[in-house]
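Input: a single structure, listed below in C-alpha cells.
The values are calculated or read from the model by the stated rules, or taken from the named source; none is laboratory data. The model shown is predicted, which means the values in this text are computed figures rather than measured ones. Using ideal geometry, Cβ is built from the backbone for each residue, glycine included, and neighbour counts are taken over all protein chains shown. Just the protein is used for accessible areas: all its heavy atoms, side chains included, with ligands, DNA and RNA removed. Shrake-Rupley method; radii C 1.70, N 1.55, O 1.52, S 1.80 Å.
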Amino acid sequence: MRIPDSLVEKLLHHSEQFSAEQITALREQETAEKKPLQDLVISNQLLSEKELTKLYAAEIEVPFVELNAKEINHDILKLLPERIARQYNAVVFTVEGETKFLAMEDPDDIQALNFLQKQLGTNLKIHITTASLLRGALDQYRGNISSELTKVIASNEDVEVEEEVDENDLAEDSPVAQTVNLIIEYGVKAGASDIHIEPREDYVVVRYRIDGLLREANKLPRKLLGALVSRIKILSNLKIDEHRAPQDGRFKVEVSGLMYALRVSTLPILDGEKVVMRILNESTKAADFTDLGFWGGALISLKEAIVQPHGMVLVTGPTGSGKSTTLFSVLSSLNTPNVNISTVEDPVEYHIVGANQTQVNALAGMTFTNGLRALLRQDPNIIMVGEIRDGETADLAVQAALTGHLVFSTLHTNNAATCLPRLLDMGVEPFLIASTVRVVVAQRLVRRLCVDCREPYAPDEAVLKQLDKTFRLSRHGGIAKMNELETVALADGIGRSSTGKESVTDTLSSSSSSITRLFRPRDQGCDVCNHTGFKGRIGIYEVLSNTTAIQALIVSGSTTENIEKTAIAEEMLTMQLDGFIKALRGQTTIEEILRVTSQEQ
C-alpha cells in the first residue's frame, strides 16, 4: 500500500504528535533522499507501520484489524485461493453467518475489490491491515516443512549419487534449489538462529537452533548431500570443488518481505561436508534496554556509563550469549549525526546505518589490532572492537579510552568480576584498568516463557527451601529483599503486559515474607509457541560498576572473589539473582536460570 505524501503529512498533523519543524525536516529528507514520506516516517521510527496504518484507516473510515495468523482457521483462509490472495494482497480471516470478513493491504484498490466480490460474493466486510501482518497470514497457506520437503524430494529421484552434481541440479528452479529455499524459509519462520545440515552414514539431518537449543527437523536422503552443499556454496560464492578445507561465505535472502543475511560455514567431517548457516535479520531494529532485560540498578549503571565522554564498557559471556545484540542496542542509542562511530568486527553481524563498520580480514592483514590502530586515525568519538583477544588489542583499547574515546568491546569470561583480572593477565597495568573501565556487563540468554500458555503455580515449603539453598537468598537479604527487587522490576516494566490487556504478571509474585507464585510452561505448549512452552529469549545480566572501592581492589591486585564480594555489597545483582527476579515476573523458569548459569552465587 502506498499512501500519498500529502496524505501522510496530513495524518502527521492530525495525530498532534509531531511539531511543524519535524514534518518540515521530513519533507527536506524526502527531497534529498528521493524516498516516499511513508517510508521515511517508518524508517525514522516516528511511527510504526501499525500506527501509521491505523491513522490511515481512521482517515478513510475502514476498520483496522490486527491479524493473528495462527488464529485464522485454515478452511476459512482457503475460501480465497492462495494464487488470488497473493495477487491481490487479501485474506478472508473470519466468517459470521453469510458475511465474510476480508483483510486487505489497500482497500482503495477498486479493481481488486471488484474481482474479490465476484470471487467471494458481495456480502463482504472490508478491513485494512499492515503489509507485514498480511504476509504472516498468507504464509499460513503453506504446509509444514516435512510435507513441503516430501513433495520436493519426490522430484529429486533423478539425483543418483552425491558426487555427481551437474548444472541442472543447481539451477534456480531445480528441486535442490527449492529444498534449500524451504530449509532456510522454515528456519526463518521458526525463529532459528542457526541451521545445521549434517551428513550421517545413511542420511542427511537438518537441525535448527531455536531459542538456544538444537532441534532435529528432518532427515533427507544421503544422495542429496552433494547437490545441497554445492547449491549453498554457489549462493555463498564459495568454491564448489573444494571439499577438503573449511570455507566461509555469506548471502542474503528475502523471506516474507524482510531481508536476512546468512553467514555460511562449511566443514569437512567424517561422513562428508557439514554446513552451518547463521541467520541474521537485517531488518531488525535495535531493542531498547528494557526489552533486552535490563532494569533497576543495572539499567541505571549502564545508561550512566555509555554517556561518558571516554572510558571502556566491556560485555562478557560465552559465544551465543547475546553480546553483539547488547552492543548493537547500545551503539544504536548513541548513533546521532554529531558523533563518529567506528567499529572493527569479526564478523559484522548487525548493520548500523550511519556507523563506519570494518570487517576483520586476517589474510589481508586487517586484524583487530591493525583495525583498531587504523580507527584511531579516523577521528572517532566512539569505537567498538568486536573482541579483545590478546594483550596488544587490550593495550590499544585502553590507550584509546585514555585519549578521549568511548570504547566498547567484548571478552570471554564467566562473570563480570573475572573480566578485570583477565585484563591483568593480558598485561594491562592495574592503574590503567582502574582509570578506564566504566562498567562490565556479564550476560546469558534464557528461554522466555510463552505468555499465551505459561502456568502460574504456588511453590510448596520444600520448593521454597530448595530455592533458598540454590540461590542463597538468605545471604542476599532474604525474601524481603527479593520482594523489594521484584517491586523495582515491575515498576521498570519487567514482565508487564505490553498489549494493554490485563496479565497475571501485572501483580507481584512475592510478599515481604514469602514467594507466592512461580511459573512453568504448559505441557505440550500451544500453537503460538509451536508446542514448546517457550517463545523467544531474554537476557539475564550482572552489571559491575567500577566504583572507588573496586578500583582500589584492582590496583592492589585483589582476587576475583574479593571484587565480586565488594560489588555485591554495593548492590550489584548477580546473573542468578537477576534471573530469579525474572522467574518471579513470569518471564522464565527456575530450571532455565540454573541451566545457563554455571556456578552458584
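A few notes on this one:
- Dipole of region 304-442 [Lys/Arg +1, Asp/Glu -1 at C-beta], most positive-end residue of Met312, Phe368, Gly391: Met312
- Backbone amide hydrogens, once placed in the peptide plane, bring Arg215 within less than 5 Å of Tyr208, Arg209, Ile210, excluding anything fewer than 5 places away on its chain.
- Accessible surface, per residue, of region 308-355 when the full set of protein chains is kept, probe 1.4 Å, Å²: 38
- C-alpha long axis of helix 560-569 to longest principal axis of the chain, angle in °: 80
- Between Val315 and Ser409, Thr410, Leu411, Val441, the built amide H atoms are under 5 Å apart, and every one of these is 5 or more places off in sequence or on another chain.
- Averaged per residue, region 179-290 has 45 square angstrom of accessible surface, using a 1.4 angstrom probe with ligands and nucleic acids left out.
- Unsatisfied cross-links (Cα-Cα over 27 Å) in the set Lys323/Lys535; Lys233/Lys285; Lys70/Lys100; Lys469/Lys535: Lys233/Lys285; Lys469/Lys535
- Take every pair of alpha-carbon atoms less than 8 Å apart whose residues are at least six positions apart; their mean separation over the length of region 203-254 yields a relative contact order of 24 percent.
- Between the C-alpha center of region 1-33 and that of region 342-394 there is a gap of 37 Å.
- Residues Leu235, Leu292, ordered by accessible area of protein heavy atoms at a 1.4 angstrom probe radius and largest first, appear as Leu235, Leu292.
- Only Lys, Arg, Asp and Glu carry charge here, each on its Cβ (+1 for the first two, -1 for the last two); on that basis region 265-349 has a dipole of about 180 debye about its Cα centre.
- With Cα atoms, 0 to 90° folded angle of helix 575-584 axis to the chain main axis: 50
- Compared with the dominant Cα axis of the chain, that is its longest principal axis, helix 416-425 is turned about 60°.
- Protein heavy-atom surface of the chain, 1.4 angstrom probe: 48% of the accessible area is carbon and sulfur, with nucleic acids and ligands not counted.
- By the Cβ distance rule of under 4.7 Å, the chain has these cysteines without a partner: Cys419.
- For region 249-325, averaging the sequence separation of C-alpha pairs within contact (under 8 Å, six or more residues apart) and dividing by the residue count gives a relative contact order of 17 percent.
- Percent RCO, i.e. relative contact order, over region 289-418, from Cα pairs under 8 Å lying at least 6 residues apart: 33
- Anisotropy class assigned to region 1-134 is prolate, per the alpha carbon gyration tensor with a/c at or over the 1.5 cut-off and a/b larger than b/c.
- Counting only heavy atoms of the protein chains and using a 1.4 Å probe, Ile352 has close to 10 Å² of accessible surface.
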